[in-house]
1. Residue by residue through the stretch 108-114, which ³J(HN,Hα) values in whole Hz follow from phi under the Karplus form 6.51 cos²θ - 1.76 cosθ + 1.60 (θ = phi - 60°), with glycine and proline marked x?
2. Each residue of the stretch 157-163 in turn: what ³J(HN,Hα) in whole Hz from Karplus with 6.51, -1.76, 1.60 and θ = phi - 60°, glycine and Pro shown as x?
3. Principal axes first, then extents: for the Cα atoms of the chain, list largest minus smallest coordinate on each axis, whole Å, largest first.
4. Taking other Cβ within 10 Å of each residue's Cβ, how do Thr142, Thr43, Thr167 sort, fewest first?
5. Given R₀ = 35 Å, what would the calculated FRET efficiency be for Leu168 paired with Leu135, taking r from the Cβ atoms and rounding to 0.05?
6. Set the Förster radius R0 to 35 Å, insert the Cβ-Cβ distance between Leu59 and Leu153 as r into 1/(1 + (r/R0)^6), and round the FRET efficiency to 0.05.
7. If you line up the long axis of helix 179-190 against the longest principal axis of the chain, both from Cα atoms, how many degrees apart are they, to the nearest 10?
8. Give me Asp160, Asp183 sorted ascending by neighbouring Cβ count inside 10 Å, so fewest comes first.
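Just so you know, all these numbers are worked out from the coordinates, no wet-lab data involved. Here the structure is a predicted model, which means the values were calculated and not measured. Virtual Cβ from ideal backbone geometry, glycine too; neighbours counted across all protein chains shown.
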Amino acid sequence: MRYLIEALTLLLELAFSLASLLFLLRVLLPLVHANFYNPLSQTIYRSTQRVLAPLRKVLRPLGKVETSAVLIVFLLQMLKLGVLFALRGQSISAGGLGVLALAESLSLLVSLYFWMILARAILSLLQSGGSHHALPLLQQLTEPVLRPLRQRLPALGGFDLSPLIATLFLLLIRILVIAPLLDLGLLLTRT
C-alpha cells in the first residue's frame, strides 16, 4: 500500500506542479513584456483564459500583475498539500496550510527561474543558425533577472557570469527564505 501512495503522490505532485507552472508563466509573461504573438505565449494565454476570465470580474490586476493567476497558483498549491496530507492520513491546520502553500509557490517560482536560466546558459553555448520560438521567450523571461547582474559585473572578455550569480542567488533564496517558511508551515501543522 505504501508504494501505491508514493506513486500517487508523485503523479499528484507532477500534475499540480505543471498546472501551477502554467499559471505562473501567465503571471510572468506580461511582467517581462513577452511577445504576445509567440506561439508558446499564445498557448499559455489560451490554456489559462477559461479559468481566469471569471476570476477577473472579482479580482482586478495590480498593475501588470495578474492577481487571479497568482491566486490560482496559491490555491493549486493549497489543494495539492491538502490532498497529500490526506493521503498520508495527516491533518493540517489552515495556518500551516497557507504558509506551506506560500512556500511551495515561491519554491516553484525559484525552480522555474533556476531551470530557465540554466537552459538559457546551455543554449547560448550551443547556438546554431536556426532558432526555435521558445528561445526568444526564454530570453524575455530571464533577461529581467540577468540584465541587472550583467550591468554590475565586470566584463570578462565575452564571458557572462550573470547566469552563475543569478543561480547562486536563487539557491540562497531557497535556503534563506523558502526553507524557513516550510519549517514554519510544518510547525504550524503540528499545533
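1. Those phi angles translate into 5, 4, 5, 5, 4, 5, 4 Hz.
2. Each residue of the stretch 157-163 in turn: x, x, 8, 9, 8, 4, x Hz.
3. For the chain, the Cα spread along each principal axis is 56, 37, 35 Å.
4. Working: Thr142 21, Thr43 12, Thr167 17.
With the sparsest Cβ surroundings first, the list reads Thr43, Thr167, Thr142.
5. 0.90
6. Numbers: r = 39 Å, r/R0 = 1.11.
Plugging the Cβ-Cβ distance into 1/(1 + (r/R0)^6) gives 0.35.
7. Roughly 10 degrees, rounded to the nearest 10.
8. Numbers: Asp160 15, Asp183 12.
In order of increasing Cβ crowding within 10 Å: Asp183, Asp160.
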